[in-house]
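Asker: Next up is a structure, given as structure tokens.
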Amino acid sequence: MSKIKLLNNQGDEAILEHSDTASAQGNSVVNIKDVTKQVDTIADLKALDGSHKLVYVTGYHTKGDGAFGSHFFEWDATSTEADNGGTIIALTGVTIGRYKLKYDGSVNVKWFGAVGDGVTDDTIAMQSALTTNTNIDGLGLTYRYESNTAINAVCNVIKNLNIMSTTASVFINIQATSNILIESCSFDNNRGSYTETWDYFTIEANIDSIQPSVPSYISIKNNNNPNVSVTINNCKFTNMFNESCITINTVGDVYYSDLYFSNVANKTYHTYYSQQGVGNTYANNITVYSCGKLPSSFQYNKNGTITTVNYGDINMPMPQGSFCNIVTYGNYFASNIYVKNYASTGICFDRNGIAKGNNIVIENDDNKMLSNNPSGAIWDEFCDKLFIDNFSINITARGADVGDNSALEMAQSSKGQIKKFSNGEIICTPNNYNNIIRYSTNGNSECSFDNVNIKSIKTSGDIMFAYFQNATIKDKIYINSCKIDVHRLNIHPMQELKITNSYLNFAYNIIDNYDNAVPNISHSSDAITFINTIFELAPKFHWNTVNDCKFIGCTMKSGDLINDSNLVKYTIDSLYTKGRILIVNCYTLNITNSVIVRRIEIFTTCAFLNISNNTIGNDEQIYTLYNQSTNFINGTIVGNNILVQAGITGAGFVNTVTGQIDANNNKHQIAYTL
């Protein structure tokens with residue numbers, strides 16, 4: 001028991017005892033001459049006639065349960081306010097006049113009859129407290145809450161509130177007119193203990209898309225005031241069967257920090273802005289375990305017809321919209337994000353103006369995580385500027401996704417967007433992964449990777465840079481100081497591709513436009529450059545036209561360097577290759593200062609040729625010129641320790657144009673025929 005000291009004007013004192021199950025709040029010192037009545041319960045208070053100015057109530061339901069701590073009710077003889085069951089009490093048979101609880105600061109939900117033992121149903125008390133008061137304190141107790149209708153709350157502060165439900169419930173809707181704070185709370189919707197109903201909402205990849213039938217657990221709206229912010233801090237959401245744990249529609253700033261999510265059916269949080277660059281969302285220290293996993297069996301409601309679906313059924317509907325940690329429009333700044341097992345996305349940057357991520361770790365080792373939406377551990381859709389630093393993606397298992405499943409998924413518009421990824425790793429080992437990186441663009445964007453380790457198994461897992469149909473070909477791709485060990489590299493012709501100081505190992509080494517879903521790609525690339533890059537297996541390029549292709553200081557550890565694109569200018573300098581160099585179509589060719597273990601084979605007419613200061617291996621010290629149409633209009637072949645040979649007599653420099661072959665570097669005549 002706790003004791004309350006009552007003082008009169010002369011300093012006399014009296015002591016009232018009360019239970020200490022609820023903390024005292026506000027000022028507990030009142031004038032003793034005004035305290036004219038003490039009753040045991042709220043029911044006893046309602047039975048009074050209003051003749052007592054101050055009344056102390058020892059308990060809400062029973063004597064001494066301590067619901068009101070040290071607080072007193074004061075009579076307001078003129079009030080006609082509605083009885084809210086806690087801080088405003090109407091008397092039985094009395095029309096005018098109310099007892100009002102005297103307090104400062106936050107409201108304790110126990111004042112409204114909540115028990116807080118996690119067993120007693122506190123739904124009505126919770127509804128009463130949140131619809132009539134702006135500042136709620138749950139005292140760290142656990143309240144059982146059961147409702148499929150959200151509370152239209154007026155509160156802007158909720159603290160120390162722990163809520164559990166035995167069935168799928170929704171909690172609150174808040175129309176934000178001032179700053180919102182939800183802090184040090186936990187919410188448990190007991191997912192896994194009841195049969196879930198998933199609703200149809202669209203179709204994707206010829207598979208029905210579904211979402212939970214229960215709306216967002218916390219929904220906050222701020223439609224017109226950019227100065228109103230929302231902060232959700234130090235909260236836990238576990239076993240949640242809702243469309244989203246948190247949905248915020250706003251034009252103001254949002255702060256998520258120290259949030260924990262586990263066994264979430266669809267989405268963790270979703271901030272939605274009206275347009276790019278309006279409002280900022282800051283997410284820090286976010287932990288997610290399992291977002292978007294379907295149960296082994298569930299009810300499927302398609303336009304009112306309900307059927308039972310077992311996981312793995314043919315044409316099983318899928319959770320297309322299970323976007324974990326998503327912000328739409330506005331700006332998005334995420335740091336210290338950890339996600340283990342996701343359906344559609346691990347983190348989703350959706351049409352943000354500026355998006356930044358730092359220290360992001362996403363893992364997937366559950367082979368029942370899947371989506372019929374193109375999935376991505378990190379998902380970027382049409383962000384203007386995206387910068388990701390210090391990140392790790394490790395995919396060791398996935399379900400049977402429909403369509404594209406990628407570790408990193410990017411979709412670009414034609415607005416000149418910039419994407420940069422630095423200091424990270426992407427590792428995918430499942431054999432059902434078709435793209436480890438998928439970059440789809442409408443053109444005029446820039447994407448770069450710096451110091452990133454990318455690895456997949458050799459039978460699947462591609463890096464794909466591709467255009468949407470009818471795109472403007474103006475994209476630039478930069479890869480620096482990266483280690484890339486994947487199935488293959490598929491690149492539609494970019495305006496510029498530059499790879500420097502990197503290690504490349506492809507099981508399938510053809511670099512071309514392979515995607516038949518995007519026909520008639522016949523655009524040219526301005527520049528392709530490789531500098532100081534090691535190829536485990538030399539690449540084969542098969543594009544339409546490349547205006548300027550360069551290999552500078554590179555090493556080919558095996559295979560032949562083949563380029564049968566239409567090369568306007570082709571430069572190879574300081575190259576080491578154990579295989580051949582094959583050129584099919586080239587206007588201007590320069591091969592200098594290189595070590596070529598086998599030979600150079602030229603199948604084209606060159607307007608200008610410069611092959612100088614190269615070393616060819618002992619086995620095949622030759623240039624081979626395979627047909628008479630292979631002619632060199634101008635240029636030089638000098639300073640090489642090679643034998644120059646032609647496939648047939650007459651192949652070589654066109655007689656009417658001056659060309660130079662240094663006789664000292666050739667063992668036989670130019671017209672020598674194999």
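The values are calculated or read from the model by the stated rules, or taken from the named source; none is laboratory data. These numbers were taken from a predicted model, which means no experiment stands behind them. So basically every Cβ, Gly included, is an ideal-geometry build from the backbone, and we count neighbours across all protein chains shown. Surface accessibility is based on the protein's heavy atoms, side chains included, excluding ligands, DNA and RNA. Shrake-Rupley method; radii C 1.70, N 1.55, O 1.52, S 1.80 Å.
Asker: Run the numbers on region 266-387 and let me know its relative contact order in percent, using alpha-carbon pairs under 8 Å that are six or more apart. Can you show the working numbers first?
Answerer: On the way: 308 pairs, mean separation 35.6, N = 122.
About 29 percent, as a whole number.
Asker: Where both residues lie in region 292-356, what percent of DSSP beta bridges are antiparallel, nearest 5? Numbers along the way, then the final one.
Answerer: Details: 6 of 12 bridges.
That works out to approximately 50 percent antiparallel.
Asker: May I ask you to list the lysines whose Cα is less than 16 Å away from that of Lys110, ignoring any residue fewer than eight positions away on the same chain?
Answerer: In chain and number order, the partners are Lys63, Lys100, Lys102, Lys159.
Asker: What is the local net charge at Cys348, summed over the other residues whose Cβ is closer than 13 Å to its Cβ (Lys, Arg +1; Asp, Glu -1)? Spell out each step's value before the answer.
Answerer: Numbers: positive: Lys267, Arg351; negative: Asp350, Asp380, Glu381, Glu409.
Local charge sum for Cys348: -2.
Asker: Report Thr287's accessible area, 1.4 Å probe, all protein chains in place, as a number in Å² to the nearest 10.
Answerer: Counting only protein heavy atoms, the figure is 40 Å².
Asker: With all protein chains present, calculate the accessible area of Ser297 using a 1.4 Å probe and round the result to the nearest 10 Å².
Answerer: Around 50 Å² of this residue is reachable by solvent.
Asker: Another one. What aspartates and glutamates does Lys267 reach when the alpha-carbon gap must be under 16 Å and sequence neighbours fewer than 8 apart in one chain are set aside?
Answerer: Within the straight-line cut-off, Lys267 pairs with Asp188, Glu196, Asp199, Glu243, Asp350.
Asker: Something else: Please give the FRET efficiency for Asn152 paired with Asp76, using the beta carbon to beta carbon distance and R0 = 30 Å, rounded to the nearest 0.05. Working shown, then result.
Answerer: Numbers: r = 26 Å, r/R0 = 0.86.
It comes to 0.70.
Asker: Accessible surface of Thr305 in the full protein assembly, 1.4 angstrom probe, to the nearest 10 Å²?
Answerer: Here the accessible area works out near 90 Å².
Asker: Take Thr92 and Gln299, extend 7 Å from each Cα along the Cα→Cβ direction, and tell me the distance between the two endpoints in nm.
Answerer: 4.1
Asker: Continuing with the same structure: Which whole-Hz ³J(HN,Hα) couplings does region 38-53 yield from phi under the Karplus relation 6.51 cos²θ - 1.76 cosθ + 1.60, θ = phi - 60°, glycine and proline marked x?
Answerer: Listing the rounded values in order: 10, 10, 8, 9, 4, 4, 5, 4, 5, 7, 6, 10, x, 7, 9, 5 Hz.
Asker: Okay, next question. Restricting to region 239-380, compute how many DSSP beta bridges are antiparallel as a %, nearest 5. Mind showing how you got there, number by number?
Answerer: Working: 6 of 50 bridges.
Counting only bridges with both partners in region 239-380, antiparallel ones make up about 10 percent.
Asker: Continuing with the same structure: Work out how much length Thr615 to Leu181 would gain on full extension: take 0.36 nm times their residue separation and subtract the Cα-Cα distance, in nm to one decimal. Could the numbers behind the result be given before it?
Answerer: Details: separation 434, 0.36 × 434 = 156.24 nm, distance 7.16 nm.
Extra length available between Thr615 and Leu181 comes to 149.1 nm.
Asker: Please list 3J(HN,Hα) in residue order for region 80-92, calculated via the Karplus relation 6.51 cos²θ - 1.76 cosθ + 1.60 where θ = phi - 60°; whole Hz, with x for glycine and proline.
Answerer: After applying 6.51 cos²θ - 1.76 cosθ + 1.60, I find 10, 4, 5, 5, 9, x, x, 9, 10, 10, 8, 8, 5 Hz.
Asker: Using a 1.4 angstrom probe on heavy atoms only, work out the carbon and sulfur share of the accessible area of region 78-231 in %.
Answerer: 46
Asker: Then there is this: Could you tell me what percent of the DSSP beta bridges with both partners in region 173-221 are antiparallel, to the nearest 5? Intermediate values should be presented prior to the final figure.
Answerer: Values: 6 of 9 bridges.
Counting DSSP beta bridges with both partners in region 173-221, the antiparallel share is about 65 percent.
Asker: Taking Lys557 as the anchor, which lysines have their alpha carbon closer than 21 Å to its alpha carbon, excluding any fewer than eight residues away along the same chain?
Answerer: Lys455, Lys458, Lys483, Lys498, Lys540, Lys578
Asker: From the phi angles alone, apply the Karplus equation (6.51, -1.76, 1.60; θ = phi - 60°) to region 309-326 and give each ³J(HN,Hα) in whole Hz, x where the residue is Gly or Pro.
Answerer: For region 309-326, the Karplus curve yields 10, 9, 4, x, 4, 4, 6, 4, x, 10, x, 4, x, 7, 8, 7, 6, 10 Hz.
Asker: Name the long-range amide H neighbours of Ser392: under 5 Å, sequence gap of 5 or more, or other chain; modelled H, no Pro or chain starts.
Answerer: Ile360, Val361, Ile362, Glu425
Asker: Starting from the amide H of Asn190, placed 1.01 Å from N in the peptide plane, find each other amide H under 5 Å away whose residue is 5 or more places distant or on another chain.
Answerer: Under 5 Å from the amide H of Asn190: Ser165.
Asker: Sticking with this structure for a sec: Do you know the relative contact order of region 539-589, to the nearest whole percent, from alpha carbon pairs under 8 angstrom that are 6+ apart? Walk me through the intermediate numbers first.
Answerer: On the way: 120 pairs, mean separation 20.5, N = 51.
Once divided by the residue count of region 539-589, the mean separation gives 40 percent.
Asker: What distance in nm separates the two pseudo spin-label positions at Ala43 and Asn423, each 7 Å out from Cα along the beta-carbon direction?
Answerer: Roughly 6.5 nm, to one decimal.
Asker: Please compute the length gained on full extension between Glu204 and Thr62, using 0.36 nm multiplied by the number of residues separating them and subtracting their Cα-Cα distance.
Answerer: Values: separation 142, 0.36 × 142 = 51.12 nm, distance 5.69 nm.
45.4 nm is the gain from fully extending Glu204 to Thr62.
Asker: Under 5 Å between amide hydrogens, which residues at least 5 positions from Asn266 or on another chain qualify, with H placed 1.01 Å from N in the peptide plane?
Answerer: Placed amide hydrogens put Asn242, Gly292 under 5 Å from Asn266.
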